[in-house]
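Structure provided below as C-alpha cells; questions to follow.
The values are calculated or read from the model by the stated rules, or taken from the named source; none is laboratory data. As the structure is a computational prediction, the values presented were derived from the model and not from experiment. Using ideal geometry, Cβ is built from the backbone for each residue, glycine included, and neighbour counts are taken over all protein chains shown.
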Amino acid sequence: MSELHLSRNTIHFAEPLPLQSGAILSGYDLVIETYGKLNADKSNAVLVCHALNASHHVAGSNPDDAKDIGWWDNMIGPGKPVDTDHFFVIGVNNLGSCFGSTGPKSINPASGKQYGADFPVITVEDWVNTQARLADKLGIRRFAAVMGGSLGGMQALAWSIQFPKRLAHCLVIASTPKLSAQNIAFNEVARNAILSDPDFHGGNYYEHGVVPKRGLRLARMVGHITYLSDDDMAEKFGRELQRPNGEPQDYRFSFDVEFEVESYLHHQGDKFSTYFDANTYLLITRALDYFDPSRRYGGSLNRALAEVQAKFLVVSFSTDWRFPPNRSREIVESLLSNKSEVSYAEIDAPHGHDAFLLDDPRYHNLIRAYFEQMLEVQS
Amino acid sequence: MMRADFAAIANWIAPNSEVLDLGCGDGSFLEYLQKQKPVHAYGVEIDDARVLSCVQKGLNVIQQNLEGGLALFENNSFDTVVLSQTLQTIHETEKILREVARVGKESIVSFPNFAHWSHRLSVGFGRMPVSKSLPYQWYNTPNVRVLTVADFEKLASSLGLQILDQCILHEGRQVTLMPNLFGSLALFRVRRA
C-alpha cells in the first residue's frame with residue numbers, strides 16, 4: 001500500500017490583500033495540507049476547496065489527533081477516486097476560518113487584539129484570490145483540477161471565471177451558481193441565532209471569555225436539517241421516541257427532548273458549538289449569500305461563464321433540497337450555451353445534500369473515471 | 001462492436017460541426033464519430049452505468065431523461081442532433097421530435113423498422129417478433145413504440161419536418177428495393193420544413 005504523504009504547513013502572506021468589500025487585509029496566514037507528490041513540471045496539482053465547516057484537513061489522520069479523519073478521506077488518498085499516487089492534492093483552510101488560517105480569532109496587527117467583529121467580510125472571490133496566491137507560492141501555474149462540494153463547488157466555479165487559464169478541470173459538486181431566497185433565509189435564521197445570543201457581545205466575545213454557544217448550537221441545528229433529506233431523516237429517526245432501553249415508548253407531555261431526531265439535532269448542535277467559531281459562521285454564511293457570479297453581467301450566468309476554459313464535471317444529487325439538481329443544471333445550461341466542455345451527472349442518492357461527502361459507488365466511480373481520464377490524456 | 005448505422009449516420013455529419021447525440025448510450029457512436037472526423041459533441045444519457053462509460057471515454061455527457069424535453073439546450077444550437085435507435089424507447093414521441101427539431105439545424109433519426117418482412121411474418125404467425133433489430137421479448141423490451149418506415153414518413157410530415165435523406169439498411173447493407181419490407185433499420189435526415 002502506498003502512502004498518503006500528508007504534510008501540513010502554515011504559509012504567511014505579507015503582501016496586503018484587497019478584498020471585494022473594499023477593506024484591505026495587511027497580511028495573513030493560510031494553513032494547508034498536501035497529499036501525494038508534486039511532479040517535476042507541477043502539472044498534477046489538485047486544489048480541494050472546502051465547504052462551510054470544513055478545513056484544510058481533507059484526507060488521512062490528523063497528525064495531532066489520529067481519530068480525526070479528513071472530511072473527504074473516502075474520496076482522496078492512495079488508490080481512491082482522487083488518487084494521491086498520481087495527483088498532488090492541496091487542502092487549504094479558508095481565510096476567516098477558525099482552523100488556523102487568519103480569521104476573527106487571530107490577532108489584528110493594527111490593534112494588538114483579536115479581530116473579533118473587526119474581521120472584514122470575505123467573499124468567495126476573495127478566497128479564490130488567496131488560493132491563487134498560494135498557487136503562486138507553490139510554483140503551480142495551472143491546476144490539473146480545482147474541485148469542491150457545496151460552498152467548495154462555488155469556489156471551484158469562481159476559479160474558472162477569475163483565473164480561466166489556471167485550471168484544466170473544474171469539478172462542481174452539489175453546488176449552485178447562487179443561493180435562492182430560501183437558502184438565504186435559512187442562513188439568516190442561523191445568523192440571527194448567533195447575533196441574539198447574550199454571550200455574543202457584538203462579536204467581541206473573546207474579550208469576555210465566553211462563547212455564544214446557544215446561538216451556534218441553534219445555527220447548526222437549522223443548517224443540519226437542510227443537509228439531510230426528508231426520506232433520510234425518516235429512515236434514520238422516524239418518530240422514534242428518545243427512551244432508554246426497556247422503557248415504554250409513551251409521550252411524556254413535556255418540552256424536553258422527546259423524539260430521536262431532536263436528540264440527534266441537539267447532539268450535532270452541541271458538538272458544533274464546542275469547536276466552531278461564531279464569527280466564522282457569520283462570515284461564511286454571508287460569503288454564501290453574496291456569491292453570484294452573474295451579478296456583474298446583468299444577471300447572465302452565460303456571460304459570466306463566457307471566458308471559462310476549464311473542462312467541467314458537474315454533479316448533483318437527486319434528494320438534495322439545499323442545492324437541488326435544478327441549481328446544478330443552471331450551471332450546465334450556461335456552459336452548454338457557451339459550448340464549453342462539460343459533463344453532468346445526477347446521482348440518485350437518498351442522502352440529501354450530505355451525499356457529496358458520503359461513499360456512493362456511482363458517485364465515486366464517476367469521479368475516479370474522470371480523474372483517470374485526466375491522466376490518460378496527459379500521458 | 002460497431003453498430004451498422006454508425007457509418008451511415010457519420011456520413012451525414014460535417015467535420016468541425018456541433019453534434020448532440022441523444023440517448024448516446026455508452027458513447028460508442030460519439031467515440032466512433034470523433035475518430036472519423038473532428039466534431040464538438042455532447043451526449044445525453046439517463047442510465048448511470050452508461051454515463052460512467054462516457055466519462056471513461058473522455059466524452060462530454062449530460063445525464064438527463066429525454067422524456068422531460070431538452071430544456072438545457074437552446075434553439076438551433078447544434079448543427080446535427082442524433083437520435084439513434086432511441087425514438088422507439090420514448091413515450092412522448094411527438095414532443096421529443098419537436099424538441100430535436102428545435103435544438104438542431106438538422107437531425108438524424110434512426111429506428112428499427114417494425115415492417116420488415118420477418119417481423120410481419122412473425123406477427124402473421126401470432127407472435128411478437130424477436131430479431132437482430134428487435135432483440136427483446138415483448139415483456140422485457142425497452143422499446144415502448146414500434147413503428148415502420150411509412151409511419152415515420154407520415155409523422156415527420158405532420159410535424160412539419162422535411163426529409164432530406166433516408167437510408168434503409170438490413171444487416172449493414174442499404175436496401176433500395178421495397179425498403180419498408182426488406183429494411184430492418186431506418187435512418188432519416190430531417191430538418192424543419
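Of all residues in the stretch A:347-358, which are more than 10 Å from chain B (Cβ to nearest Cβ) and either in contact with a Phe, Trp or Tyr (Cβ under 8 Å, 6 or more places away or on another chain) or modelled with pLDDT of 95 or more (or both)?
A:349, A:351, A:352, A:353, A:354, A:355, A:356, A:357, A:358
May I ask you to say which residue of A:106, A:101, A:150, A:97 is closer than 22 Å to residue A:177 by Cβ and touching a residue at least 40 places away in the same chain (Cβ under 8 Å)?
Only one candidate qualifies: A:150.
Restricting to the stretch B:147-172, name every residue that is touching a residue at least 40 places away in the same chain (Cβ under 8 Å) and acidic (Asp, Glu).
Those that are touching a residue at least 40 places away in the same chain (Cβ under 8 Å) and acidic (Asp, Glu): B:165, B:171.
Which is at the interface with chain B (Cβ under 9 Å from one of its Cβ atoms) and aromatic (Phe, Trp, Tyr), of A:363, A:344?
Sole residue among the options that is at the interface with chain B (Cβ under 9 Å from one of its Cβ atoms) and aromatic (Phe, Trp, Tyr): A:344.
Quick check on my filter: what residues within the stretch B:147-183 are within 15 Å of residue B:97 (Cα to Cα) and modelled with pLDDT under 95?
None - no residue of the stretch B:147-183 is within 15 Å of residue B:97 (Cα to Cα) and modelled with pLDDT under 95, so the list stays empty.
Okay, moving on. Name the residue, out of B:68, B:27, that is within 13 Å of chain A (Cβ to nearest Cβ), touching a helix residue (DSSP H, G or I) at 6+ places or on another chain (Cβ under 9 Å) and of a type outside the set (A, V, I, L, M, F, W, C).
Only one candidate passes the filter, namely B:27.
Any residue at all in the stretch B:45-56 that is away from chain A (no Cβ under 13 Å) and out of contact with any His (no Cβ under 9 Å at 6 or more places or on another chain)?
Within the stretch B:45-56 (the criterion being away from chain A (no Cβ under 13 Å) and out of contact with any His (no Cβ under 9 Å at 6 or more places or on another chain)), the answer is no, since none of the residues qualifies.
Quick check on my filter: what residues within the stretch A:174-192 are in contact with a Gly (Cβ under 9 Å, 6 or more places away or on another chain) and farther than 18 Å from residue A:281 by Cα?
Passing the criteria: A:174, A:175, A:176.
Among the numbered conditions (1) out of contact with any Lys or Arg (no Cβ under 9 Å at 6 or more places or on another chain); (2) within 14 Å of chain A (Cβ to nearest Cβ), tell me where residue B:37 comes up short.
Unmet for residue B:37, out of (1) out of contact with any Lys or Arg (no Cβ under 9 Å at 6 or more places or on another chain); (2) within 14 Å of chain A (Cβ to nearest Cβ): (2).
Collect the residues in the stretch B:145-161 that are under 14 Å from the mean Cα position of the chain (by Cα) and assigned to a loop (DSSP other than H, G, I, E, B), keeping them in residue-number order.
B:145, B:146, B:148
Could you check the stretch B:155-178 and list, in sequence order, the residues that are over 17 Å from residue B:189 (Cβ atoms) and either surrounded by 15 or more Cβ atoms within 10 Å (Cβ to Cβ) or of a type outside the set (A, V, I, L, M, F, W, C) (or both)?
B:158, B:170, B:171, B:172, B:173
Kindly provide the set of residues from the stretch A:308-341 that are under 17 Å from residue B:42 (Cα atoms), away from chain B (no Cβ under 11 Å) and not small (Gly, Ala, Ser), ordered by number.
The answer is A:309, and nothing else.
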